[in-house]
Amino acid sequence: MLRSIGSKARVPDYIKRVKAGEVKLMGFGHRVYKNYDPRARIIKKIADQVFEVTGRNPLLDIAIELERIALQDDYFVTRRLYPNVDFYSGLIYQSLKFPVEMFPVLFAIPRTVGWLAQWEEMLVDQEQKIARPRQVYTGHPRRDYVSMAERA
């Protein structure tokens, strides 16, 4: 998303397009946190520490401007759309030279702890009223491993 915006100067136009329903605002909003995601505050500080080592990610200026405008705009405030933990973690992953194609995997790894905790909670607590949606794998039934050297 930040790459598609392209520059800090283009953020206001992107915000208009979000409000018009033409594009999505990624990394904002959370089902649980109806105010600023406390994890986002922490990861934003961690991002600054990472950039001290790796160099400042040029997309950071776009992200900061996007956050600044969204936090002041009634459209986002009334909908309680604040940056979530993924908003800055993607910039960290990119600065650490992970390919963008790996981001879904990197986003999923820490979530597995929560998924397993919820699964255990449903098994152990018979009075549990909250049912989480189940995950149904719809991909290939079987795929053979192909080493990196053999891939095209």
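The values are calculated or read from the model by the stated rules, or taken from the named source; none is laboratory data. Owing to the predicted nature of the structure, the values given are computational and were not obtained by experimental measurement. Neighbour counts run over all protein chains shown; Cβ positions are idealised from the backbone, glycine included. Keep in mind that these areas ignore ligands, DNA and RNA; they rest on the heavy atoms of the full protein, side chains included. Shrake-Rupley method; radii C 1.70, N 1.55, O 1.52, S 1.80 Å.
On the given criteria, is V105 assigned to a helix (DSSP H, G or I) and open to solvent by 50 Å² or more (accessible area, probe 1.4 Å)?
Working: assigned to a helix (DSSP H, G or I): yes; open to solvent by 50 Å² or more (accessible area, probe 1.4 Å): yes.
Yes, satisfied.
Is there a residue being under 30 Å from R10 (Cα atoms), open to solvent by less than 90 Å² (accessible area, probe 1.4 Å) and within 19 Å of the chain's Cα centre (by Cα) anywhere in the stretch 110-128? Walk me through it before giving the result.
Here is the first cut: in the stretch 110-128, the ones under 30 Å from R10 (Cα atoms) are none.
Taking every residue of the stretch 110-128 in turn, none turns out to be under 30 Å from R10 (Cα atoms), open to solvent by less than 90 Å² (accessible area, probe 1.4 Å) and within 19 Å of the chain's Cα centre (by Cα).
Pull out all pairs, ordered by first then second residue, where Cβ-Cβ is under 6 Å, the residues are six or more apart or on different chains, the first lies in the stretch 64-77 and is closer than 17 Å to L2 by Cβ, and the second is open to solvent by 50 Å² or more (accessible area, probe 1.4 Å) and part of a helix (DSSP H, G or I).
E65/K8
Against the definition (open to solvent by less than 100 Å² (accessible area, probe 1.4 Å) and assigned to a helix (DSSP H, G or I)), how does Q94 come out, yes or no? Break it down stepwise before answering.
Details: open to solvent by less than 100 Å² (accessible area, probe 1.4 Å): yes; assigned to a helix (DSSP H, G or I): yes.
Here the answer is yes, as Q94 does meet what is asked.
Restricting attention to the stretch 10-26, report how many residues are over 14 Å from R79 (Cβ atoms) and not in a loop (DSSP other than H, G, I, E, B). Don't jump to the end; show me each part of the working.
Of all residues in the stretch 10-26, those over 14 Å from R79 (Cβ atoms) come to 10-14, 16-17, 20, 22-23, 26.
With not in a loop (DSSP other than H, G, I, E, B) added as a condition, the list becomes 10-14, 16-17.
Here the count works out to 7.
Looking at the structure I just gave you, is L71 open to solvent by less than 100 Å² (accessible area, probe 1.4 Å) and more than 18 Å from F98 (Cα to Cα)? Explain how you work it out, then say what you get.
Working: open to solvent by less than 100 Å² (accessible area, probe 1.4 Å): yes; more than 18 Å from F98 (Cα to Cα): yes.
In short, yes.
Quickly run through the stretch 27-57 and pick out the residues that are surrounded by 15 or more Cβ atoms within 10 Å (Cβ to Cβ) and outside any helix (DSSP H, G or I).
Of everything in the stretch 27-57, those that are surrounded by 15 or more Cβ atoms within 10 Å (Cβ to Cβ) and outside any helix (DSSP H, G or I) turn out to be G27, F28, G29, H30, Y33, Y36, D37, N57.
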